[in-house]
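A quick write-up on the structure given underneath.
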Amino acid sequence: MSPTTTTSLRSLSFSLYASSNSTSSPTPIEIRQLLSSSNRFYGLSSSSSSSLTTSSLIGNLVFSSRKQFLSLKVQALAAETEQPKWWERKAGPNMIDITSTEQFLNALKDAGERLVIVDFYGTWCGSCRAMFPKLCKTAKEHPEILFLKVNFDENKSLCKSLNVKVLPYFHFYRGADGQVESFSCSLAKFQKLREAIERHNVGSFSDISSSASEKVEDSSE
């Protein structure tokens, strides 16, 4: 065997030995180690990642509580808006809201000899609002009297024709006598309204009782 051939065989055997040593299998990497290494890469430790999870949970709870609070607040506002406003409340069937001049005239005509008290008010009027509960109470105490409520802003032409310039303002009407009294009144001077009722409500109870007794007699016959 020639020296050249011997050298070639040695080179081949060395290259085969080197290649066989370089094909060793890689060491497996666990998922936990991979996550740990990624945390270290981003500057996070296992304790900091857990603290972030706790913070996110607290944040979600705070957001949920705030959302529930806002929902309850919206429900409370909706319930409040559903309630009638102070001037929309009625004391009973003897208290009527006037929306036109025609309705006003028809109400006076249909009342006959019944005493009619007209309350001119404004929704923005503090004095009107303050005395309104007492007016409702008075209407309940006197079912024989007809109370008409006139909103000044919605019936400006009617109020102007009746020379209403101050609120709250009251007109008293009685059958053929027409308007028997008019004046401005406040909660502090509510007694003025009571005294006017005593002056002009004479005979109303007797008229109602007599008409009621007549109906009873007719039904008994």
*What pairs from 109/165; 140/189; 90/134; 109/156 go past 23 Å between their alpha carbons?*
109/165
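What's the local net charge at residue 171, with K and R +1, D and E -1, over the other residues with C-beta under 9 Å away?
On the way: positive: none; negative: 119, 181.
My count for the surroundings of residue 171 gives -2.
I'd like the antiparallel share, as a percent to the nearest 5, of DSSP beta bridges with both residues in the range 70-173. Walk me through the numbers on the way to the answer.
Details: 5 of 15 bridges.
Approximately 35 percent, going by the DSSP bridge assignments.
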*Taking a probe of 1.4 Å, how large is the accessible area per residue of the range 113-159, in Å²?*
41 Å²
_Paramagnetic reach from residue 188 (point 7 Å along Cα→Cβ, amide N under 20 Å) across the range 122-158_ = 122, 125-135
*Counting only residues 5 or more places away or on other chains, whose amide H sits under 5 Å from the amide H of residue 149 once H atoms are built in the peptide plane?*
96, 97, 98, 119
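Which of the peptides 114-124, 152-162 is most tightly packed, and how do the rest follow, going by the mean number of other Cβ atoms within 10 Å of each residue? Please report the intermediate quantities before stating the final value.
Numbers: 114-124: 20.5, 152-162: 14.9.
Highest-to-lowest ranking by the protection proxy: 114-124, 152-162.
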*Which lysines have a Cα lying under 16 Å from the Cα of residue 160, excluding residues fewer than 8 positions away in the same chain?*
149
*Pop out the carbon and sulfur fraction of the accessible area of the range 93-179 as a percent, whole number, probe 1.4 Å.*
52 percent
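The values are calculated or read from the model by the stated rules, or taken from the named source; none is laboratory data. Predicted model, so just to flag it, every value in this text is computed and none were measured. A quick note on method: Cβ atoms are made from the backbone with ideal geometry, for glycine too, and the neighbour counts reach across all protein chains shown. Keep in mind that these areas ignore ligands, DNA and RNA; they rest on the heavy atoms of the full protein, side chains included. Shrake-Rupley method; radii C 1.70, N 1.55, O 1.52, S 1.80 Å.
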